[in-house]
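Here's the structure, in structure tokens; my notes come after.
The values are calculated or read from the model by the stated rules, or taken from the named source; none is laboratory data. Worth saying up front: this structure is predicted, and the values here are computed from it rather than measured. Note that we place each Cβ from the backbone using ideal geometry, even for glycine, and neighbour counts take in every protein chain shown. SASA here: full protein model, heavy atoms, side chains in, ligands and nucleic acids out. Shrake-Rupley method; radii C 1.70, N 1.55, O 1.52, S 1.80 Å.
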Amino acid sequence: MSLDGPYDPENIFARILRGEAPAIPVHEDADALAFMDLFPQSRGHVLVIPKADARTILDAEAETLRRLIVVVQRVAAAVRVALLPDGVVVTQFNGRAAGQTVDHLHFHVIPCWQGRPLKGHGHGQMADGDDLRRLARDIAAHLEV
Ligand code: AMP
């Protein structure tokens, strides 16, 4: 995907937003959805996406970004309290050359622990569904309303 071009409404995150594809949600509000990454770089890896159509940070409306980053912060804080990581990586990729594989804007919230290297971006194995559901419940329980 180049940085320019139309938004593809059939991308997997658009389908998740429409309820056409499954996801394990952590948080949903009028502007954003947070859900567990199916191929996590570490245990507790969450994705945060806007409901508005945007491919990358470059074509997103400023207001979309303003609202989204606050949700990213809240999710990161909840991941911290729920999982007690030593650090939290927040990443975001724009265009294939940068490593973006899903063409709907998203932030990664990835807990990390000393001595436990993260799996590479795009190299995670599919996680166990029951474990993801447990993690989602734990993280959601620590989100401030
Ligand atoms: P990126 O490579 O930055 O575009 O990130 C896309 C992320 O979405 C990767 O971390 C994938 O593991 C994750 N992913 C892809 N498909 C799904 C899905 N159906 N449910 C949850 N996470 C997904």
Inset, instruction - With a point put 7 Å past each Cα toward its Cβ, work out how far residue 96 is from residue 121 in nm, to one decimal. - result: 1.6 nm
Legend entry - Computed label-point distance, nm, for sites residue 7 and residue 128 using a 7 Å Cα→Cβ extension: 3.8 nm
Inset, instruction - Please give the residues of the range 33-74, grouped as numeric ranges, whose backbone N is less than 14 Å from a label point set 7 Å along the Cα-to-Cβ vector of residue 84. - result: none
Inset, instruction - Evaluate the relative contact order of the range 22-145 (contact order divided by residue number), counting alpha-carbon pairs under 8 angstrom at least 6 apart; express in whole percent. - result: 35 percent
Legend entry - Scattering curve values for the range 1-77, log₁₀ I(q)/I(0), Debye with Cα scatterers, q = 0.18, 0.23 Å⁻¹: -0.78, -1.21
Legend entry - Accessible carbon and sulfur surface of the range 12-140 relative to its total accessible area, %, 1.4 Å: 53 percent
Inset, instruction - Compute the acute angle (0 to 90°) between the alpha-carbon long axis of helix 62-83 and the principal axis of greatest extent of the alpha-carbon atoms of the chain; round to the nearest 10°. - result: 20 degrees
Inset, instruction - Report the percentage of all Cα-Cα pairs in the range 12-140 whose separation exceeds 21 Å, rounded to a whole percent. - result: 35 percent
Inset, instruction - Rounded to the nearest 500, what is the 222 nm mean residue ellipticity of the chain from helices alone, with -39500 (n - 2.57) per DSSP H run of 4+ residues and division by all residues? - result: -9000 deg cm²/dmol
Inset, instruction - Would you mind checking the tilt of helix 129-141 against the longest principal axis of the Cα atoms of the chain, expressed as 0 to 90 degrees and rounded to 10? - result: 90 degrees
Legend entry - the chain - accessible surface per residue (Å², probe 1.4 Å): 55 Å²
